[in-house]
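K.L.:
Attaching a single structure in structure tokens format; questions to follow.
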Protein chains: 2
Amino acid sequence: MTVVKVAILGFGTVGEGVYRTIQSHAEELESALGKKVEVAAVLIKNKQRERNIHKEVLVTTDFEEILRLPKLDIVIEAIVNREPTFTILQKAIERGCHIITANKEMFAHHGKQLIELAEQNNVSVGFEATVAGGIPVIQTLRQLLKVNRVQQIQGILNGTSNFILTEMRDKKWSFAEALLQAQKNGYAEADPTNDVEGFDAFYKTMILSRIAFGEEPNWQEVEREGITSITSELIGAAEKLGLRFKHLASISKEGSQIKGTVKPVLVGNENPFYHVEGVENAVSLHSDIVGRITLQGPGAGMFPTASAVIEDLVYVSQNDAIKRSFKSTASAAVEQSKVQPKEFWLVTGLAKTYSNPSITWIDEVSKGVFVIKASKKDLEKLVKQQETIFYFSILGEYEPAIASTEEKVSAL
Amino acid sequence: MTVVKVAILGFGTVGEGVYRTIQSHAEELESALGKKVEVAAVLIKNKQRERNIHKEVLVTTDFEEILRLPKLDIVIEAIVNREPTFTILQKAIERGCHIITANKEMFAHHGKQLIELAEQNNVSVGFEATVAGGIPVIQTLRQLLKVNRVQQIQGILNGTSNFILTEMRDKKWSFAEALLQAQKNGYAEADPTNDVEGFDAFYKTMILSRIAFGEEPNWQEVEREGITSITSELIGAAEKLGLRFKHLASISKEGSQIKGTVKPVLVGNENPFYHVEGVENAVSLHSDIVGRITLQGPGAGMFPTASAVIEDLVYVSQNDAIKRSFKSTASAAVEQSKVQPKEFWLVTGLAKTYSNPSITWIDEVSKGVFVIKASKKDLEKLVKQQETIFYFSILGEYEPAIASTEEKVSAL
């Protein structure tokens with residue numbers, strides 16, 4: 001029986017998950033591929049650390065040693081950082097290996113180059129694990145794109161920041177307390193910047209943009225905002241209104257322009273993201289024929305991510321000569337109105353006495369926290385003048401809290 | 001340029017949706033396939049009716065005429081009923097056509113035979129549209145099954161019954177009133193039996209079982225219960241507890257035994273099905289590596305279903321010689337405990353004075369409507385003795401309404 005020889009780069013959470021799953025699901029893999037999958041090598045960083053790896057596997061800190069193996073079919077990359085990963089994967093492709101990656105930062109930066117190089121070398125690139133862990137969002141998007149024109153993708157793409165927001169609301173914790181818990185649980189790194197400032201979600205959004213629209217927006221023009229400005233007071237005020245903060249990534253195409261944002265927004269009970277709690281991820285795909293499809297599930301973790309990697313492994317093995325490449329939609333431009341509608345916002349730092357015809361005051365939720373109605377442009381103008389203002393979009397069909405307004409009126 | 005010649009059988013909601021989408025998305029199809037897709041024929045029932053079909057298309061009531069076309073690549077079936085559909089599709093396969101169907105009843109009965117016949121004739125069978133309309137649940141399941149062992153699938157698979165339950169709660173309507181509205185909106189047939197008695201969901205569940213487990217349970221042993229016994233009073237009582245009725249289909253494998261049910265259950269706010277409202281469908285896939293993934297979206301309707309059909313069309317065209325066949329998981333039996341746990345139930349028709357050590361009384365929600373805790377077996381024993389009892393499972397982590405119990409206690 002032929003054997004598929006695999007190298008795993010990195011033996012952290014994802015790398016070890018892939019290794020264990022290849023052992024535990026050997027039978028399933030063999031039945032799917034008609035071939036045995038064998039881990040031939042593992043690339044590690046620290047030779048001293050004890051690892052539970054079969055002694056026939058080459059364990060090394062030197063990738064060149066792996067490249068010199070007599071037979072190597074697939075290289076699975078589960079490291080972090082852009083380099084030396086990108087360089088290593090280029091070498092793997094040039095040697096004729098399929099590559100599979102779970103590294104969103106590297107792939108957002110170099111995905112296009114890797115795929116072009118893979119096409120020249122007649123091998124495939126799998127990257128299902130770069131976005132939303134175990135949720136097969138890339139595969140689903142490809143499936144829809146066979147005929148649909150995708151207009152917008154929205155998602156909770158970072159489990160760590162969603163966990164922090166959930167714990168802050170649930171336990172009335174401060175951001176610092178919730179972050180500490182996330183670190184204790186192994187959800188957040190010692191330096192949590194990538195997660196809480198939205199860089200991780202940003203990279204994933206760019207990868208989705210490339211699949212959905214065949215291109216990305218100018219990275220500098222993407223509005224990226226973290227969750228560090230959200231206090232437990234704000235979360236409490238939102239809760240009074242039946243709203244929850246969610247760190248939402250969004251990418252959409254209007255005409256020929258692609259617009260991306262990663263920022264905290266407020267959603268009500270009827271929004272599917274309202275109920276996505278803890279480390280769960282969710283992605284909504286809006287397309288012209290099907291409408292809105294939402295996928296929810298574990299966005300990270302050892303085994304969910306390993307599953308995504310191994311689904312790619314099966315895919316690249318089955319389609320050995322077929323290159324899995326970014327598919328651009330025949331972008332018959334979806335023309336949409338450019339008029340800025342008025343939306344509802346939760347704002348703080350705005351003087352109660354402030355008066356401006358373009359802003360409608362709706363309610364004072366708690367001391368200094370207001371709901372207003374305004375267009376985004378008008379609100380941005382205002383913030384330029386008063387930098388102390390924080391504002392958050394209330395998504396969907398917000399019903400002003402009529403009852404509490406009436407109470408106030410009758411109490412006057 | 002080569003052309004893919006297609007016949008559409010039936011010109012109802014789905015058939016017309018497919019026809020219109022092939023016209024409106026000609027450019028996308030051509031770019032995906034490198035071939036033009038051309039509707040060569042449409043099979044209709046009634047020649048008198050006016051239809052907006054291009055005059056170059058053969059429109060006929062006689063399938064034999066379609067079979068005699070000089071070139072025919074794909075037959076898309078969007079009729080209802082098992083016959084003559086099954087016979088027609090067999091002829092299409094024998095002529096060498098790929099077939100795509102949206103007909104769950106026919107496919108639940110004859111899917112296996114059609115797929116075997118297709119394999120013999122080296123053509124493919126697409127059936128994404130048979131389950132959950134526009135939600136690509138079959139494709140996602142296949143993707144997961146590349147490596148995961150699926151343990152359970154749960155879903156709201158019938159939009160009509162979900163719409164009725166939603167309207168009954170929302171508008172305080174009776175079942176009859178909600179059904180009438182469903183019929184007015186075109187969601188329910190004049191004879192709604194298939195939807196409200198769970199036959200439609202049952203067929204879909206059997207199709208999912210075959211993909212997930214490679215086989216089906218004995219149809220006679222599947223517990224199938226409709227929603228006609230649910231009154232607006234019961235819905236009101238459930239709402240007081242923060243619970244909603246959902247018509248849930250479930251299929252799971254324990255050891256070598258497959259268990260299927262289609263019945264109304266109660267779910268709380270933290271259950272993903274709680275928020276699936278109106279004609280939406282949702283499916284949760286539980287598998288061993290990934291965990292739980294939930295997909296939600298439009299389960300029916302002209303264009304969502306058409307999209308599923310056309311995704312299949314692209315698939316069968318691209319994999320022209322590759323047979324799309326049922327995949328059975330190498331079913332390393334998932335052994336689970338057989339001990340019947342005690343669950344919470346909402347019951348009516350049980351005398352308040354009834355005493356039985358195996359049943360714990362939790363609360364009286366409204367006159368004659370109780371929450372109890374009991375194992376399913378004990379409850380079934382009881383129902384055998386007292387046939388007036390109705391009971392509904394409360395899914396997930398139900399918290400007894402402590403507050404209202406306390407109120408009652410303090411009021412004593």
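K.L.:
List, please: which pairs have Cβ atoms under 9 Å, are six or more places apart or on different chains, and start with a residue in region B:354-373 that is without any contact (Cβ under 8 Å) to a residue 24 or more places away in the chain and end with one that is of a type in the set (Gly, Ala, Ser) and in a strand (DSSP E or B)?
P.N.:
So the pair list comes out as B:Ser358/B:Ala374; B:Ser358/B:Ser375; B:Ile359/B:Ala374; B:Thr360/B:Ala374.
K.L.:
Something else about it: If you scan region B:275-310, which residues turn out to be of a type in the set (Ser, Thr, Tyr) and in contact with a His (Cβ under 7 Å, 6 or more places away or on another chain)?
P.N.:
Residues satisfying the conditions do not exist here.
K.L.:
For region A:57-152, please list each of the helices (runs of 4 or more DSSP H) lying entirely inside it that holds at least 1 residues being within 14 Å of chain B (Cβ to nearest Cβ).
P.N.:
Correct list: A:137-145.
K.L.:
Also, I was wondering about something else. Test each condition in (1) part of a helix (DSSP H, G or I); (2) surrounded by 12 or more Cβ atoms within 10 Å (Cβ to Cβ); (3) modelled with pLDDT of 80 or more for B:Thr405 and report the one that comes out false.
P.N.:
Here B:Thr405 meets the rest and fails (3).
Conditions (1) within 14 Å of chain B (Cβ to nearest Cβ); (2) within 30 Å of A:Asp363 (Cβ to Cβ), marked per residue:
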{"position": "A:Ile227", "(1), (2)": "no, yes"}
{"position": "A:Ile230", "(1), (2)": "no, yes"}
{"position": "A:Ile258", "(1), (2)": "no, no"}
{"position": "A:Val279", "(1), (2)": "yes, no"}
{"position": "A:Val283", "(1), (2)": "yes, no"}
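K.L.:
When you scan region A:222-240, do you find a residue that is in a loop (DSSP other than H, G, I, E, B), within 21 Å of A:Leu141 (Cα to Cα) and at pLDDT 95 or above, even just one?
P.N.:
No, every residue in region A:222-240 fails to be in a loop (DSSP other than H, G, I, E, B), within 21 Å of A:Leu141 (Cα to Cα) and at pLDDT 95 or above.
K.L.:
Could you check A:Lys171 against (1) within 29 Å of B:Leu144 (Cβ to Cβ); (2) among the charged types (D, E, K, R); (3) without any contact (Cβ under 8 Å) to a residue 12 or more places away in the chain and say which number it fails?
P.N.:
All conditions pass for A:Lys171, except number (1).
K.L.:
Could I ask something else about it? Identify, by number, the condition in (1) without any contact (Cβ under 8 Å) to a residue 40 or more places away in the chain; (2) surrounded by fewer than 17 Cβ atoms within 10 Å (Cβ to Cβ); (3) not in a helix (DSSP H, G or I) that B:Ala188 doesn't meet.
P.N.:
Here B:Ala188 meets the rest and fails (2).
K.L.:
So which of A:Ile153, A:Ile99, A:Ile74, A:Ile138 is farther than 23 Å from A:Glu215 by Cα and hydrophobic (A, V, I, L, M, F, W, C)?
P.N.:
Exactly one residue qualifies, and that residue is A:Ile74.
K.L.:
Within region A:251-274, count every residue that is surrounded by 20 or more Cβ atoms within 10 Å (Cβ to Cβ) and not hydrophobic (A, V, I, L, M, F, W, C).
P.N.:
Total satisfying the criteria: 7.
K.L.:
Just to be sure, is B:Ser250 touching a helix residue (DSSP H, G or I) at 6+ places or on another chain (Cβ under 8 Å) and polar (S, T, N, Q)?
P.N.:
Yes, satisfied.
K.L.:
Still on this model: Is there any pair with a first residue in region A:22-33 that is in contact (Cβ under 8 Å) with a residue 12 or more places away in the chain and more than 7 Å from every other protein chain (Cβ to nearest Cβ) and a second that is assigned to a helix (DSSP H, G or I) and crowded, with 16+ Cβ neighbours inside 10 Å whose Cβ atoms are under 8 Å apart and which are 6 or more apart or on different chains, and what are they?
P.N.:
Pairs that qualify, where the first residue is in contact (Cβ under 8 Å) with a residue 12 or more places away in the chain and more than 7 Å from every other protein chain (Cβ to nearest Cβ) and the partner is assigned to a helix (DSSP H, G or I) and crowded, with 16+ Cβ neighbours inside 10 Å, are A:Ile22/A:Leu29; A:Ile22/A:Ile310; A:Leu33/A:Val314; A:Leu33/A:Ser317.
The values are calculated or read from the model by the stated rules, or taken from the named source; none is laboratory data. Given the structure is predicted, the values throughout are model-derived calculations rather than measurements. We place every Cβ from the backbone using ideal geometry, glycine too, and count neighbours over all the protein chains shown.
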